[in-house]
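A quick write-up on the structure given underneath.
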Amino acid sequence: MGSLKMIEKGNPAEDTRLFRRCLGFFGTGVAVITTRHHGKNAGATVNSVASVSLEPPLVLWSISRTSRSFDIFQNAEGFVINILAKNQVDLSRHFASPAPDKFAQIATTPGWNDIPTIDGALAHIECQSENSYDGGDHVIKVGRALNVCTFEGDPLMFVQGRYAVAVDHPGMRVRPEVPKHTEDRWEPVPNSMISLITRVNRLLLQK
Ligand SMILES: Cc1cc2nc3c(=O)[nH]c(=O)nc-3n(C[C@H](O)[C@H](O)[C@H](O)COP(=O)(O)O)c2cc1C
C-alpha cells in the first residue's frame, strides 16, 4: 500500500477551522438533546454524544457555553438524547437554528420529568444529570441513562461537515448486530460501479 497524500496539517490552537475539518473525519450520529426546567423546554442538535460506561449506564455530550439554552440545560435535572433517523435532516437543522420557540411545530411526547421526547426519533435515552465538567468553550454533561427506547429505522449520520447515511461496507455480507427480523440487506443500484464491486466481493467471500 502506498502512503496517502496529505491534505493539510497545522496547529489547531491557531486554526479553529482546520481543527473542525480534522474532527469531521470522525463520523458520528446526530441527536437532539431535549430538556425541561421550570416549565421551559430547550432543545439543541448535537453530534458530541459518546457512550461512557455500561455499569452504571453513563453517556456524555457537550454543550457550547454560548448556547441560548445553556442555563436551562445547566439547571435541569436531566435530559433526553433523541437519536435522529435518516429522514430527520430538517429536524436536525431546526434544532441547530436560533428559532425562538423550537418546539412550536414539533411532535413530542412527554417522558421522564415531563421532558419532551421527539416523535419519529430512532431512539430515546432518558438521563438524569450525573455531572458537568469544564470543557473549554463547552461544558461536558454526563448523564445516567434511566430508560432507553429504540424504534425500527436507519440512523442519520454526520461526517466531514455533511449529513450522510450508513451503508454496509462492501466487505460485509450482512449487517452485524442487526436482529434476525431485518431482511433488508442493503442492495446498491443495479449495474452501478458499487453494485459490481459488491457482487465481486460477495462471490469472493463465498469461496
Ligand atoms: C450536526 C451538528 C452538530 C452539533 N453539535 C453540537 C454539540 O455537540 N454541542 C453544541 O453545543 N452545539 C452543537 N451544534 C450546534 C447547536 O445545534 C446550535 O448551536 C444550537 O442548538 C443553537 O441554538 P441555541 O443557541 O438555542 O442552543 C451542532 C450543530 C449541528 C448541525
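The values are calculated or read from the model by the stated rules, or taken from the named source; none is laboratory data. All values derive from a computational prediction rather than experimental measurement. For neighbour counting, all protein chains shown are included, and Cβ atoms are generated from backbone atoms with ideal geometry for every residue, glycine included. For the accessible areas, the whole protein counts, side chains as well, though only heavy atoms, and no ligand, DNA or RNA atoms are used. Shrake-Rupley method; radii C 1.70, N 1.55, O 1.52, S 1.80 Å.
The table for this structure:
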quantity: Accessible surface, segment 33-84, averaged per residue in Å² (probe 1.4 Å); calculated: 51
quantity: Listed pairs Lys5/Lys86; Lys86/Lys141; Lys102/Lys141; Lys40/Lys86 exceeding 30 Å between Cα atoms; calculated: Lys5/Lys86
quantity: Net charge contributed by nearby residues that have their C-beta within less than 13 Å of Phe103 (K/R +1, D/E -1); calculated: 0
quantity: Principal axes of segment 16-162: Cα extent on each, largest first, Å; calculated: 40, 36, 33
quantity: Neighbourhood charge, 13 Å Cβ-Cβ cut-off, centred on Trp112 and excluding it, Lys, Arg +1 and Asp, Glu -1; calculated: -1
